[in-house]
1. Farthest toward the dipole's positive end in the chain, which of Gly136, Val14, Asn325, given Cβ charges of +1 (Lys, Arg) and -1 (Asp, Glu) about the Cα centre?
2. Under a 10 Å cutoff between Cα atoms, tell me which one of Phe174, Phe228, Phe164 has the largest fluctuation in the Gaussian network model of the chain.
3. All other residues with a Cβ under 11 Å from the Cβ of Val137 taken together, and with Lys, Arg as +1 and Asp, Glu as -1, what is their net charge?
4. How much FRET efficiency would the formula 1/(1 + (r/R0)^6) give for Glu65 and Asp238, where r is the Cβ-Cβ distance and R0 is 35 Å, rounded to 0.05?
5. For a quick check of understanding: with a 1.4 angstrom probe and all protein chains in place, what accessible area in square angstrom does Glu329 have, to the nearest ten?
6. What is the sum of charges around Asn231, taking Lys and Arg as +1, Asp and Glu as -1, for the other residues whose C-beta is under 13 Å from the C-beta of Asn231?
7. Assuming R0 = 56 Å, can you tell me the calculated FRET efficiency for the pair Asn231 and Glu153, based on Cβ-Cβ distance, to the nearest 0.05?
8. Within straight cross-link reach of Lys295, meaning Cα distance under 19 Å, which aspartates and glutamates are found once same-chain residues fewer than 8 apart are removed?
Amino acid sequence: MHKVKWIEIDLDAVRHNFRSIRKKVGNGIKILAIVKADAYGHGAVEVSKTLLKNGVDMLGVADPEEGIELRENNINVPILLLNPILPEQTEDVQRHSVGITVYSLNDVRKISEIVKKSHCSTKVHIEVDTGMGGTGVHPDKALSLIKSLSLIENLTIEGIFTHFHSCDEKDKSFTHEQTKIFKKTLKQLEGEKIHIPLIHAANSAAILDMPDSYFNMVRPGLILYGLFPSNHVSKGIDLKPVMSFKTRIINLKNLDSGSTVSYGRTFKASRPATVATIPVGYKDGFSRYFSNSGKVLINGKHTSIIGKVCMDRCFIDVTNVPNVNIGSEVVLYGKQKNETILIESSAESINTIPYEIVCNIGGKAAKKYISNGK
Ligand SMILES: *Cc1c(COP(=O)(O)O)cnc(C)c1O
């Protein structure tokens, strides 16, 4: 079947971004690439395979199912689960050699019962709550938790980490504060001669702006996909966008002056107009907030969405675009001729973040993977 909408995923750009991150943090620091949420909508299996070929040290996922999917696709690099898991999920996760995040004595007790029965070793990372609030052990209780953990058979404490809540903001003082608290915990461990091999904190924004938070491993997510977390981070890294979203015109129609377009008659033609239909709507992850405000590229020209975005279509004013035909390619995100629509700018225009845009699109339309330029 000819595709009428598709997501292009440029795996060469993933490789490029990974190498840029490597260069930025230096060779001595390990990289735990975050591929949760199906690699932010980019396809976790394909992205992980590309990262693997380029020497990624570890992969991070949010849910057990995501880790297991990677194992079932023969991804054989260490994987860490970042979300807490239910005790009844422990066995499955352990069988697939997926590392887990722990932070309370309660989960440790439950996990230890399951782990004791097994003969394989379970790897855990301890999350220290330096301000994110939702999860993690309080810094004052980290030491005693770690001591209890070290008494459990078949359990290895592989890492300790924290997560920054505001590093993409202009004011970095919170991030400095969180780093300070985390370092204090590390100092306590040192004092007790407890050695945990992997220490990590830096997400994308911290990789760009806070070398002091690299420790011996970093956790990039968004920048792997060629996107900047906000306008308040340093752009001192060479990134290439990975995701493009494209479709084709499926209808063209001439409207008289005064005609209205789409639900609620929010657009009224002030002159005779030509309106194009594309088969993309909010069910494809194209936000309804783009009604009467979004732009797409047709023949390398920025053209406007008119009227409300519908569930599975929206309308574009092509009155002033030459050579538009049924079947003409339309770019919602990405490059066409010399023009580009950036996911970051589109996100900003509807008051959201690039993370949400890519997650919403990914998985909705068929993906075309580009590798070695093909
Ligand atoms: C999602 C996530 C990251 C990656 O964040 P980015 O801003 O995409 O780099 C890092 N660490 C943890 C714990 C996360 O949940």
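1. Asn325
2. Fluctuation is largest for Phe174.
3. Counting the neighbours of Val137, the net charge comes to -3.
4. 0.55
5. Ignoring ligands and nucleic acids, Glu329 comes out at about 60 Å².
6. Surrounding charge for Asn231 is -3.
7. 0.65
8. Reachable aspartates and glutamates: Glu8, Asp284, Asp312, Asp317, Glu329, Glu339, Glu344, Glu348, Glu356.
The values are calculated or read from the model by the stated rules, or taken from the named source; none is laboratory data. Computed from a prediction, not measured in an experiment: that's the story for all the values here. FYI the Cβ positions are ideal-geometry reconstructions off the backbone, even for glycines, and counts take in every protein chain you see. We work out accessible area using only protein heavy atoms, side chains counted, and drop any ligands, DNA or RNA first. Shrake-Rupley method; radii C 1.70, N 1.55, O 1.52, S 1.80 Å.
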